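Trainee: Have a look at this one before I ask anything.
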Amino acid sequence: MSEIVAGWPILSILTFLPAAGAVLILLSRMSARGLNPGYDNGVKLLTLFFTIATFVVSLFAFAAFDPSNPEFQLTENVPWAFGASYAMGVDTLAMSLVMLTTFLTPLCILASWVIEKQVSSYMVLFLLLETLMIGVFCAQDIILFYIFFEGGLIPMFILIGVWGGERRVYAAFKFFLYTLLGSLLMLVAIVAMVSMARAAGIENPFSIPALTDFAQAGGFSPQVQIWLWLAFFASFAVKMPMWPVHTWLPDAHVEAPTAASVVLAAILLKMGGYGFLRFSLPMFPDASHFFTPFVFALSVIAIVWASLVAFRQLDMKKLIAYSSVAHMGFVTMGIFSGNEQGIQGAIFQMLSHGIISGALFLCVGVVYDRMHTREIAFYGGLVNRMPVYAAIFLLFTMGNVGLPGTSGFPGEILTMVGAFQVNAWVAAGAALGVILSAAYALTLYRKVAFGVIENPKLDGIADLDAREWVTFIPLIVATLVMGLAPGYVLDFTQNSAEAISSAFLGARP
Amino acid sequence: MNPMSDLSASLPLAHPELLLVGFALGAAMIGAWFKDKAFHALSILGVTAIAGAGVLAMYGPFAPVEIFQGALVVDGVAVFAKVLIGFAGAATLALGADHFGRTGDKRFEYPVLVALAVLGMFVMVSAQDLISLYVGVELQSLSAYVLAAWRRDDAHSSEAGLKYFVLSAISSGLLLFGSSFVYGFTGSIRFDAIAAAVNEGAGGVGLLFGLVLMLCALGFKMSAAPFHMWTPDVYEGAPTPVTAFFAAAPKVAAVALMARVLYEPFAGMEAQWQQVVMALAAISMVWGSIAALQQTNLKRLMAYSSIGNIGFALMGLAAGGEQGASSALIYMALYLPTNIGIFALILAMRREGEPAETVADLAGMAQKRPLMAALFTMLLFSIAGIPPFAGFIGKLLVFSAAVEGGLVWLAVLGGVAAVVSAAYYLRLIASIWFAPPAAQLQAPSGTIMVTAAAAAALSFPILVLMLGAVERWVDAAVRMSF
């Protein structure tokens, strides 16, 4: 298969195919004067087609990609302006996240079938969002990375604000401004890095690989690294989100439409982890060592505290949002343990959390579409009316808890193994979080699914329909495959983890 | 060189200015004869003449050539600024003619005054001594006072004109006063002679005094805080097409003139003027973003937005060096279309013949007028500096210039100001998308939609992708001029 795409700008096609779909829909919207009733359905089908096509293209890219090669591959480079260029390329870390994105987006579109308000705008924004998300992981130029990273705020802002719940406007503003403040500090740091690299005579100071080489050759003094690290941290910690800058997440999650919640939890949060792995660790290893205790402390607080908060939630989405904060605590802990197990575990946990939390939000979406409430107390005894739903919900709840055999397990255990080698207490604190996660997740499940139906409104609730089946099956397969045979993923990401780990450990004082 | 041969050598290089003068005088004559019946024809001619002047300016040399016995200069920066001014002037005149044609306020002086103001700006950006500097600034300002008071039976408009005139006259006084100090302590009005005197160490406190007075006056003309007080009132009171004109071309002229004053006669005093420009930049960025948060009138809001944006351009100038000047000029080039586009859309917001210019009037535009809403959203994200739009590139460039020039604190402050300003642009976008629809707005005219669509196209695909060419052009212009 790889011969077919040889010589093609496959990553650009992959990135801009959804945007092409968006343009097509816009053009159709402008020419469709009197909207006929089938128009909205046509737009949905077209969007689904484009997202599936993107997934297929990503499979081609995957086939053309050689996981044993630690270099950036499928590279493209077109000079742009002021020394920056349009440079694309992926390594195994980026490739795995690109696959996650293209895999989940069609499922999000399926889950968005219930949208009835301003359908064409919704689909256009969703397609643009996919372009920007793929672009973040493919960009090899630091300015291009920033453009995609930051541009993603625009469609997300409008998606939350228009199609969200009651407090959607507040949530949209909070989401946008929080993330923007972090990002602009990062932008100033980027500018400073580039300026230093240029002063040192680096030929293409905007290229991420060139900057990494420059940094690893000692280009940034430890003193400078501290400041740069903090500026990048401001951006990634908000995106991740880490305690205590996580407060935008529950608001945004609760108010966002189901599919936007899925994208937010599954992909946008991963940009924070991706940023730490791509920039903070390899480019500022001294500062990363310096701040490791700080990050560990925040991670453990996030794990324990968010789990406890999740336990007390009355709203299903909010509960899952806090559980995301806790799971992202495992990711930061694994990343900053700096050894191979920790980083492997963090990458695995990011991929697995993408699938499981996405699936959990879809599960909430299923009942929300029927009953229009996310209040836990409203439900109860769903297993009597919706046995299939209950079974699927159980599987993903178990995945969220980290039951062996689901994809939740390997990531958690590896990050803890990694952290244990550095600091046993941190690992112990995280282990406490695993127990707490079982407590809140199982409680949620018990309250929603078990028991007898007491609320008469639930009498007529119907089990999954065909569309929902189709949405869940790929997620179930992915969860089980990643849980039973984690080696496929771990072998794939080995290269990146090794490279990042050696860059970090090589600087150990 | 004897006067006659100087004149014959100068005239070919002054084609753009001559075209404007010819149009202004000819149109005044035609208007005197045909009265307001000539409005449409003169407007079309005016748009052609101003755009034509911009095109003619493009053929000017990048290496400095002095004309009219050294009063003016044609160089890269002047050429670049004239092209921008020409297109901005033509676009805003077209919007204004379209608007006044519809509202029935068809007085033929409008295109004439706009052309004279543009001529003033051309002289400003070409000024090579203190006299032509002053003449350029005044020609532009005097036309602007009249334009601000265009709706003379409207109290707001008259107030705007009077306020603008009085405050601006004070700043012109400061400019003259400062110039006299500079002349007194360096012995010349010519920029090159001043530069030579500065390098020989002439002046001292007196020269510094003159420089600061001149910078304050220029700060007033470009509405940099703390000399911005007139801006919100004039922007709000003046008829919208006039505001659109004020917000576009004169800003470019002022920034180009400021760059010339800083980098030519006073290049040797960089350590001194940097303090002033830095302060202007910092205060403008911060105040421009904070004060806008509470505005409900779109024109007032855009006034504060322009104050903030001038702050960003000044940050580039404060950084010094070639990169500083070119980043400020590119910033203006990227800011200009976005700003014109936004004003075109504000102009389009009318309900039953009356202007609807508050944030609340934007409500639900996404549902009622999706195309307008899409353009508005793009332009607002661009002016807020969110990637991938052109406004982001401008901010990136001035940030880089500031960091390269060692002003990291100013860049960080700019970043924070950008977040605050994003908050109020977002308020408009939130109104467009999230609020339930307000009463239906009138359908916008074709001219407005074409202008706004062109501006949106410039703010994303065109200028962003062609940035390499723009950058090479400006870099060459700055390198060969200063």
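Trainee: Can you give the mean number of other chain Cβ atoms that lie within 10 Å of the Cβ atoms in peptide B:386-397?
Mentor: 5
Trainee: Assigning unit charges at the beta carbon (Lys, Arg +1; Asp, Glu -1) and nothing else, what dipole magnitude in debye, to the nearest 20, does the protein assembly as shown show about its Cα centre?
Mentor: 1920
Trainee: Also, I was wondering about something else. State, to one decimal in nm, how far the label point of B:W409 lies from the label point of B:V205, with both points 7 Å from Cα in the Cβ direction.
Mentor: 2.6
Trainee: Something else now. Counting other beta carbons within 10 Å of each residue's own, what order do A:V388, B:V470 fall into, fewest first?
Mentor: A:V388, B:V470
Trainee: Helix-only mean residue ellipticity at 222 nm, the protein assembly as shown, DSSP H runs n ≥ 4 weighted -39,500 (n - 2.57), per residue, nearest 500. What is it?
Mentor: So the calculated ellipticity at 222 nm is -25000 deg cm²/dmol.
Trainee: How well do other chains shield peptide A:138-151, expressed as the mean number of their Cβ atoms within 10 Å of each residue Cβ?
Mentor: Shielding by partners across A:138-151 averages 2.
Trainee: Further question on the same structure: About the Cα centre, and with charges only on the beta carbon of Lys, Arg (+1) and Asp, Glu (-1), how big is the dipole of chain B? Nearest 20 debye, please.
Mentor: That gives chain B a dipole magnitude of about 1040 debye.
Trainee: In nm, what is the difference between 0.36 nm times the number of residues separating B:T103 and B:M229 and their Cα-Cα distance?
Mentor: Contour length minus the Cα-Cα distance gives 42.4 nm.
Trainee: What number, in percent, do you get for the relative contact order of segment A:47-197 if the mean sequence gap of Cα pairs under 8 Å and at least 6 apart is divided by its residue count?
Mentor: 20
Trainee: Additional query: Using the basic label-point model (7 angstrom from Cα toward the beta carbon), what is the B:K35 to A:D465 distance in nanometres?
Mentor: Using points 7 Å along Cα→Cβ, the separation is 7.0 nm.
Trainee: Return a whole-number percent for the relative contact order of segment B:21-134, with Cα pairs under 8 Å and 6 or more residues apart as the contact set.
Mentor: It comes to 36 percent, rounded to a whole number.
Trainee: Sticking with this one: Using +1 at the C-beta of Lys and Arg and -1 at the C-beta of Asp and Glu, which of B:V198, A:A306, A:I461 has the Cα lying farthest in the positive direction of the dipole of the protein assembly as shown?
Mentor: With unit charges placed on the Cβ atoms, the residue in question is A:I461.
Trainee: Got a sec? Which residues in segment A:416-442 would a label at A:L394 touch, if it sits 7 Å along Cα→Cβ and we count backbone N under 19 Å?
Mentor: A:438-442
Trainee: Something else: Want the number for A:A431 to A:V114: 0.36 nm per residue separation, take away the alpha-carbon distance, what's left?
Mentor: 110.2 nm
Trainee: Can you give the longest stretch of chain A with no exposed loop site, where a site means GluC sites (Glu not before Pro) in a DSSP loop (not H, G, I, E or B) with at most 12 other C-beta atoms within 10 Å?
Mentor: Free of exposed loop sites, the longest segment is A:204-453.
Trainee: Run the numbers for B:K368 and B:I131: contour at 0.36 nm per residue of separation, minus the present Cα-Cα distance, in nm.
Mentor: Length difference between fully extended and current span is 80.0 nm.
Trainee: Next up: Evaluate the distance, in nm, between pseudo-label points positioned 7 Å from the Cα of B:I462 and of A:N77 along their respective Cα→Cβ axes.
Mentor: Those two pseudo-labels are separated by 3.2 nm.
Trainee: Please compute the contact order of chain B in relative form: average sequence separation of alpha-carbon pairs under 8 Å and at least six residues apart, divided by the residue count, as a percent.
Mentor: Relative contact order for chain B comes out at 15 percent.
Trainee: For segment A:78-206, what is the charge dipole size about the Cα centre, in debye to the nearest 20, if Lys and Arg each add +1 at the Cβ and Asp and Glu each add -1 at the Cβ?
Mentor: It works out to roughly 340 debye.
Trainee: At q = 0.13, 0.15, 0.18 Å⁻¹, what is the log10 ratio I(q)/I(0) for segment A:360-449, with the Debye formula run over Cα points and no solvent?
Mentor: Here log10 of I(q) over I(0) equals -0.51, -0.64, -0.81.
Trainee: Okay, next question. From the square roots a ≥ b ≥ c of the eigenvalues of the alpha-carbon gyration tensor of segment A:407-473, which class results: rounded (a/c under 1.5), prolate (a/b over b/c), or oblate?
Mentor: oblate
Trainee: To continue, here is another question. Calculated FRET efficiency, B:M58 and B:H156, Cβ-Cβ r, R0 30 Å, to nearest 0.05?
Mentor: 0.20
Trainee: Separate question: If you line up the long axis of helix B:408-434 against the longest principal axis of chain B, both from Cα atoms, how many degrees apart are they, to the nearest 10?
Mentor: 20
Trainee: Here is a further query. Taking a ≥ b ≥ c as the square roots of the Cα gyration tensor eigenvalues, with a/c under 1.5 meaning rounded and otherwise prolate when a/b beats b/c, else oblate, which class fits the protein assembly as shown?
Mentor: In terms of gyration-tensor shape, prolate.
Trainee: If you take the charge dipole of chain A about its Cα centre, with +1 on Lys and Arg Cβ and -1 on Asp and Glu Cβ, which of A:P387, A:L107, A:A419 is farthest toward its positive end?
Mentor: About the Cα centre, the residue reaching furthest to the positive side is A:P387.
Trainee: Tell me, which longest segment in chain B has none of the GluC sites (Glu not before Pro) that fall in DSSP loops with at most 14 further Cβ atoms within 10 Å?
Mentor: B:1-199
Trainee: Here's a follow-up. Per residue and in Å³, how big is the convex hull formed by the alpha-carbon atoms of chain A?
Mentor: So the per-residue Cα hull volume is 137 Å³.
Trainee: Now for a separate question. When a/c reaches 1.5 or more, the comparison of a/b and b/c decides; with that in mind, is chain B rounded, prolate or oblate per its Cα gyration tensor?
Mentor: Note, shape of chain B comes out oblate.
Trainee: Further question: Looking at A:G7, B:F389, B:V359, which one has the Cα that reaches farthest to the positive end of the dipole of the protein assembly as shown (charges on Cβ: Lys, Arg +1; Asp, Glu -1)?
Mentor: With unit charges placed on the Cβ atoms, the residue in question is B:V359.
FYI, it's all coordinate maths here, none of it is from the lab. If you're wondering where the values come from, they're calculated on a predicted model, not measured in any experiment. FYI the Cβ positions are ideal-geometry reconstructions off the backbone, even for glycines, and counts take in every protein chain you see.
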